[in-house]
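Comments concern the structure below.
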Amino acid sequence: MTSDESLASVVRQRSQLGDAMQRVEEAAAAPAARESWAADLSEQLRKLETAFDQHIIEVQSPTGILNQVVDQAPRLQNAAEHLKREDDRIAKSIDDVIAAATGSGDLVVDLRESVMEVLVDLSRHRQQGADLLYEAYAVDIGGY
């Protein structure tokens with residue numbers, strides 16, 4: 001896969017992840033008194049988990065963009081490794097919030113706070129990834 005193809009793939013995946021994040025935010029912000037609130041939120045969180053798992057597969061594969069960045073600009077290896085560690089931490093956070101959303105007895109306020117923390121972490125992670133790609137290739141992948 002060429003760098004241009006990899007970047008195009010990253011942009012597509014980034015857009016899908018952003019869409020999943022937006023759907024989680026909307027589900028969390030919906031009225032909690034609605035009978036299906038927890039189920040709707042859980043469904044959107046699982047979709048987010050799937051999108052984030054796809055992100056990890058795509059960026060961390062042997063031919064993934066992070067390895068390409070390090071090949072192109074070895075000085076960015078520490079930043080790429082940091083993003084890989086963050087992938088693992090965020091994946092665990094998503095798992096934890098899914099468990100909380102499907103469990104019983106969690107307070108709505110606490111659950112919403114946990115969901116928002118995951119979304120903030122994801123937003124920062126996406127921005128750090130965009131910064132890394134810009135530093136490596138001088139390409140703006142956009143705010144998708």
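No value in this document is a laboratory result; all are computed from the given coordinates. Fair warning: this is a prediction, and the values are worked out from it, not measured in the lab.
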Full-extension gain in nm, Arg46 to Asp96, via 0.36 nm per residue minus C-alpha separation
16.9 nm
Phi to ³J(HN,Hα) by Karplus 6.51 cos²θ - 1.76 cosθ + 1.60 over region 14-19, Hz, x for Gly, Pro:
4, 5, 5, 5, x, 5
Among (i) 51, 23, 20; (ii) 42, 33, 31; (iii) 48, 36, 27, the entry matching Cα extents along the principal axes in Å as calculated here is (i)
